[in-house]
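The values are calculated or read from the model by the stated rules, or taken from the named source; none is laboratory data. Here the structure is a predicted model, which is why all the values come from computation and not from measurement. Here the Cβ positions follow ideal geometry from the backbone for every residue, glycine too, while neighbour counts run over all protein chains shown. The protein model used for the area step is the full one, side chains on, heavy atoms only, and it has no ligands, DNA or RNA in it. Shrake-Rupley method; radii C 1.70, N 1.55, O 1.52, S 1.80 Å.
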Amino acid sequence: MIPFTIDDSALFAARVGRSGIDAAAFAAGLAGKGGALARVRAMRAEGTLPLLALPGRRDDLPGLETLARAMRRKTADVLVLGTGGSSLGGQTINALADQGFGPPKGTPRIRFLDNIDPATFAALADRVDFARTRILAISKSGGTAETLMQLLTLLPRLEKAVGRMGVAERLVVVTEPADNPLRRLATRLGATILDHDPGVGGRFSVLSLVGLLPTLIAGLDAARVRAGAAAVLDAALAAERPEDCAPLRGAAVNLAHAAAGRATTVLMPYVDRLAHFGLWFRQLWAESLGKGGHGTTPIRAMGTVDQHSQLQLYLAGPADKIFTLVTLAVAGKGDRAAATFARDPALGYLKGRRMGDLLDAEQRATAETLIRNGRPTRVIRLERLDERALGALFMHFMLETIFAADLLGIDAFDQPAVEEGKKLARDYLAQS
């Protein structure tokens, strides 16, 4: 069973007026998109898209769990080096265990270092005990300049603390099984090297060891992440008609709104633990679809925070956006507002209420306000947020992205435009 429900009725004209799309015309068009569903089914059946095999795999998890236990042993910090898809999925899952206040007892703090600001690394060096630190460096190509720079600046500190033999025991590298700078460096150091599947792109790698090794280090259940993904994948590809395939329907309705001039898509979770999920989605959608003049602009907002910063624009600014709110069943959860401190009549609406009651009221009110103001809005409702639910969300949005690329006739898995900037940065360094 899929651990969430999707209500997309407010993406259509019957509920939001002229900013919505015509339901009958959309249904007629979607009925003719069975080819996209058939092509993804074939990729799974033929094994030509390896990420579609990951939800059903369990054979790799015992080995990863053994490594994760070793990395947890006598460890205070695990530094995960990587950028983009090498980091965002792991960060998203780790938020289930560490919401910013430290990890559960018995597990190390996992610090994801995905940028190269020298001030950040100087602060890190002052606060981390490298004698009780392990490093996990992830780069699919093995040539990511940022990841290599991160590692090369941290290795001297690690070696000073534990010696060259200690570095070998405390460094794990994930990269493609090919000759590349990261693999060569790890080999010289005697570090543990894990193979990144060449057929799984970085931004689609969250269900692979890239996302699941940090998951296991954090003490979370990687098998449940994949089980949630499998539930969505199986349901999507078992659909008899395109309209019954939720990710295909989501892709088609996004593109229909883009064609009508609403080419910005806002993802707004009302769950702090999904803050990084919004960033993960932003990369997935933008880098997969932004090609040949196609694509829509993804924005990550956060409820309730961005009710106080962006909602004014969303309600009264240009009608060029569609919205997906991700809500959680939180009514009745959390501490109760203390009645003894709420004697002011202006606080009466909070008296005796729990924090979850206010969050529930605000997420429902935002959705309804957007709809009343003619803003196309989809609501994804979670009953609970755990590993299985998160795996299901990952799979839904990966499939939605793959279907959107198929409908646009573009390759979801390359990113040719960003290579120019990478080459130019290397040229600048060579010239200086």
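Worth pointing out:
- Matching option when the condition is in a loop (DSSP other than H, G, I, E, B), at positive phi and touching a residue at least 12 places away in the same chain (Cβ under 8 Å), among Gly293, Gly303, Gly261: Gly261
- Filter result for Gln283 (under 20 Å from Leu359 (Cα atoms), modelled with pLDDT of 95 or more and open to solvent by 10 Å² or more (accessible area, probe 1.4 Å)): no
- Where a residue in the range 63-86 is on the phi > 0 side of the Ramachandran plot and its partner, wherever it lies, is of a type outside the set (A, V, I, L, M), with Cβ under 6 Å and at least six apart: Gly82/Thr147; Gly84/Gly202; Gly84/Gln283
- Cβ-Cβ contacts under 9 Å between residues 6 or more apart (or on different chains), taken from a first residue in the range 147-167 that is within 20 Å of Leu88 (Cβ to Cβ) and in contact (Cβ under 8 Å) with a residue 40 or more places away in the chain to a second residue that is open to solvent by 10 Å² or more (accessible area, probe 1.4 Å) and part of a helix (DSSP H, G or I), are listed as Thr147/Ser86; Gln150/Phe121; Leu151/Leu185.
- Count of residues meeting criterion [open to solvent by 30 Å² or more (accessible area, probe 1.4 Å), more than 24 Å from Gly142 (Cβ to Cβ), touching a Gly at 6+ places or on another chain (Cβ under 8 Å) and part of a helix (DSSP H, G or I)] in the range 51-110: 1
- One residue stands out in the range 364-398 among those that are among the small types (Gly, Ala, Ser) and closer than 12 Å to Arg226 by Cα: the one that is surrounded by the fewest Cβ atoms within 10 Å (Cβ to Cβ), namely Ala389.
- Within the span defined as the range 204-225, every residue fails to be surrounded by fewer than 23 Cβ atoms within 10 Å (Cβ to Cβ), out of contact with any helix residue (DSSP H, G or I) (no Cβ under 8 Å at 6 or more places or on another chain), under 27 Å from Val330 (Cβ atoms) and basic (Lys, Arg).
- Residue in the range 276-287 that is closer than 27 Å to Asp98 by Cβ, assigned to a loop (DSSP other than H, G, I, E, B) and of a type in the set (S, T, N, Q) present: no
- Taking the range 360-389 as the range and being acidic (Asp, Glu) and part of a helix (DSSP H, G or I) as the test, the residues that pass are Asp360, Glu362, Glu368, Glu387.
- Of all residues making up the range 162-217, the number that are more than 17 Å from the chain's Cα centre (by Cα) and of a type in the set (Gly, Ala, Ser): 8
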